Amino acid sequence: MPSRPLLNEIYTVAPRSRTSASFVLPGPCHVAGMFRAQGGRGNDIRVIIVDGMGLENLNNHNQFRAYYDSGKVTVAMIDAQLGAGTFYVVLDNSFSLLTNKVVTLSLSELVLPEKG
């Protein structure tokens, strides 16, 4: 199945913080990818995919809707069905008191063949 790259980056996330990257989808689709964290004793990170309202609620420590939430892990596959709109991949290292995390992230939109 062909794919269109959305994000392919290496991020450094400071302790007690989050960083995010946005991507735009023109219509409903399937996104897939993977990430790997390095740093600290646990080599762990929490990766979350949210929309704009979810990001605002997350940043204000309120309940939010996650389209994907890895929990605290070192490495994982991302697999989510999303609608049209702007979405944010949040790399959450807020639980780490002292250590930066370096996160390699790759995310693509899976392109479905057109019916003809």
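Across the chain, C-alpha contacts under 8 Å between residues 6 or more apart give a mean separation that, scaled by the residue count, equals a relative contact order of 50 percent. Normalised by residue number, the volume inside the convex hull of the Cα atoms of the range 3-110 is 79 Å³ per residue.
As a proxy for reagent exposure, 45, 10, 78 were ordered by neighbouring Cβ count within 10 angstrom, fewest first; the result is 10, 78, 45.
A Cβ-based charge dipole, computed about the Cα centre of the range 3-110 with Lys and Arg at +1 and Asp and Glu at -1, lands at about 340 debye.
Since every read-out is calculated from the coordinates, none of them should be taken as a lab result. These numbers were taken from a predicted model, which means no experiment stands behind them. Cβ coordinates were reconstructed from backbone atoms using ideal geometry, including for glycine residues, and neighbour counts include every protein chain displayed.
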